[in-house]
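These notes are about the structure you will find just below.
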Amino acid sequence: ETGVTQSPTHLIKTRGQQVTLRCSSQSGHNTVSWYQQALGQGPQFIFQYYREEENGRGNFPPRFSGLQFPNYSSELNVNALELDDSALYLCASSLTPSEGYTFGSGTRLTVV
Amino acid sequence: AQSVAQPEDQVNVAEGNPLTVKCTYSVSGNPYLFWYVQYPNRGLQFLLKYITGDNLVKGSYGFEAEFNKSQTSFHLKKPSALVSDSALYFCAVRDMTSGTYKYIFGTGTRLKVLA
């Protein structure tokens, strides 16, 4: 529907584990941003990738990392999971950083 | 620093009545303002945006928003609410001062339209 696909839709992990979330952007979209939306909060900017390079980062620790691939897919990796990492993780893509974004439906991560 | 505020956690309105969801902003320079809607377990859907031009912006699903520079507000409105409008609404400002052009979102307002 939106052209941005995220997987999995839901995920349960144990504290201390590592997780990889995936996003498939619209073809041609060179920019991907990741947002964390905790329960009852607005989305918070994690980081952005433009042409496979990190292009900016929000106030998140280094255990949050990412990759962007030439086929317009990307990953968000979180190491040493903490209970507070439980949230909806949203991927958004655009042609360039200044263009309008299309959001995916998100991955709901629960850390127990 | 750029920010938006949504002063109401929840807004209740009867079906068929007009609705308003409030948003105020604080930005340096010209504001790039947006409204998004989120249904349960879904991502964000774009409703409308203000970049420049007319202060009244029309968007999807019959929604509109009024940009008021003197009051630094960007309230979302709809003349006649539908039960299907019940959702979580986010106001956002686009940070045009950084190379990421990231969105800065408000905390959201839950709209409940009562039949």
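The values are calculated or read from the model by the stated rules, or taken from the named source; none is laboratory data. As the structure is a computational prediction, the values presented were derived from the model and not from experiment. Cβ placement follows ideal geometry from the backbone for every residue including glycine, while neighbour counts extend to all protein chains displayed.
Just to confirm my filter: which strands (runs of 3 or more DSSP E) fall fully inside segment B:63-102 and include at least 2 residues that are of a type outside the set (A, V, I, L, M, F, W, C) and free of Cβ contacts under 8 Å to residues at least 24 places away in the same chain? It would help to see each step written out before you state the result.
On the way: elements: B:64-68, B:73-78, B:87-94.
Passing ranges, in order: B:64-68.
Only residues that are in a loop (DSSP other than H, G, I, E, B), of a type in the set (A, V, I, L, M, F, W, C) and farther than 16 Å from A:Ser27 by Cα: list them for segment A:69-108, please.
Result: A:Ala80, A:Leu81.
Within segment B:103-115, take every residue that is among the β-branched types (Val, Ile, Thr) and outside any loop (DSSP other than H, G, I, E, B) and give me the one that is nearest to the other protein chains (Cβ to nearest Cβ).
If we take residues in segment B:103-115 being among the β-branched types (Val, Ile, Thr) and outside any loop (DSSP other than H, G, I, E, B), then B:Ile104 is nearest to the other protein chains (Cβ to nearest Cβ).
Quick one: would you say A:Tyr35 is under 20 Å from B:Gly108 (Cα atoms), modelled with pLDDT of 95 or more, more than 8 Å from chain B (Cβ to nearest Cβ) and part of a strand (DSSP E or B)? Outline the logic, then answer.
Numbers: under 20 Å from B:Gly108 (Cα atoms): yes; modelled with pLDDT of 95 or more: yes; more than 8 Å from chain B (Cβ to nearest Cβ): no; part of a strand (DSSP E or B): yes.
Against the criterion (under 20 Å from B:Gly108 (Cα atoms), modelled with pLDDT of 95 or more, more than 8 Å from chain B (Cβ to nearest Cβ) and part of a strand (DSSP E or B)), A:Tyr35 does not qualify.
Given the condition away from chain A (no Cβ under 14 Å), under 25 Å from A:Asn59 (Cβ atoms) and among the hydroxyl-bearing types (Ser, Thr, Tyr), answer yes or no: does some residue in segment B:69-83 qualify?
Filtering segment B:69-83 for residues away from chain A (no Cβ under 14 Å) gives B:69-83.
Retained after the next criterion (residues that are under 25 Å from A:Asn59 (Cβ atoms)): B:72, B:74.
Filter once more, so that each one left must be among the hydroxyl-bearing types (Ser, Thr, Tyr): B:72.
Yes, segment B:69-83 contains a residue that is away from chain A (no Cβ under 14 Å), under 25 Å from A:Asn59 (Cβ atoms) and among the hydroxyl-bearing types (Ser, Thr, Tyr).
Taking the residues in segment A:46-62 that are at pLDDT 95 or above and away from every other protein chain (no Cβ under 11 Å) as candidates, determine which candidate is surrounded by the most Cβ atoms within 10 Å (Cβ to Cβ).
A:Phe60
Among the residues that make up segment B:43-60, is at least one of them assigned to a strand (DSSP E or B) and farther than 22 Å from A:Pro43 by Cβ?
Let us first name the residues in segment B:43-60 that are assigned to a strand (DSSP E or B), namely B:44-50, B:56-58.
Filter once more, so that each one left must be farther than 22 Å from A:Pro43 by Cβ: B:56, B:58.
Yes, the conditions are met somewhere in segment B:43-60.
Just need a number here: residues in segment B:70-103 that are crowded, with 21+ Cβ neighbours inside 10 Å, at pLDDT 95 or above and over 12 Å from the mean Cα position of the chain (by Cα).
Adding up the residues that qualify gives 1.
Would you mention how many residues in segment A:21-45 are exposed (fewer than 14 other Cβ atoms within 10 Å of the Cβ) and within 15 Å of the chain's Cα centre (by Cα)? So that I can check it myself, show each step before the final result.
If we filter segment A:21-45 for residues that are exposed (fewer than 14 other Cβ atoms within 10 Å of the Cβ), which is where we start, we get A:27-28, A:38-40.
Applying the additional criterion that residues be within 15 Å of the chain's Cα centre (by Cα) yields A:38.
The number of residues fulfilling the criteria is 1.
Within segment A:3-11, is there a residue that is facing chain B (nearest Cβ under 10 Å), assigned to a loop (DSSP other than H, G, I, E, B), touching a Ser or Thr at 6+ places or on another chain (Cβ under 8 Å) and hydrophobic (A, V, I, L, M, F, W, C)?
yes
Identify all residues within segment A:70-85 that are surrounded by 13 or more Cβ atoms within 10 Å (Cβ to Cβ) and out of contact with any Leu (no Cβ under 6 Å at 6 or more places or on another chain); write none if there are none.
A:Tyr72, A:Ser73, A:Ser74, A:Asn77, A:Val78, A:Asn79, A:Leu81, A:Asp85
Output yes when any residue across segment A:55-66 is at positive phi and assigned to a strand (DSSP E or B), and no when none is.
In the first step, residues of segment A:55-66 are kept if they are at positive phi; the result is A:56.
Pick out the ones that are also assigned to a strand (DSSP E or B) and you get A:56.
Yes, the conditions are met somewhere in segment A:55-66.
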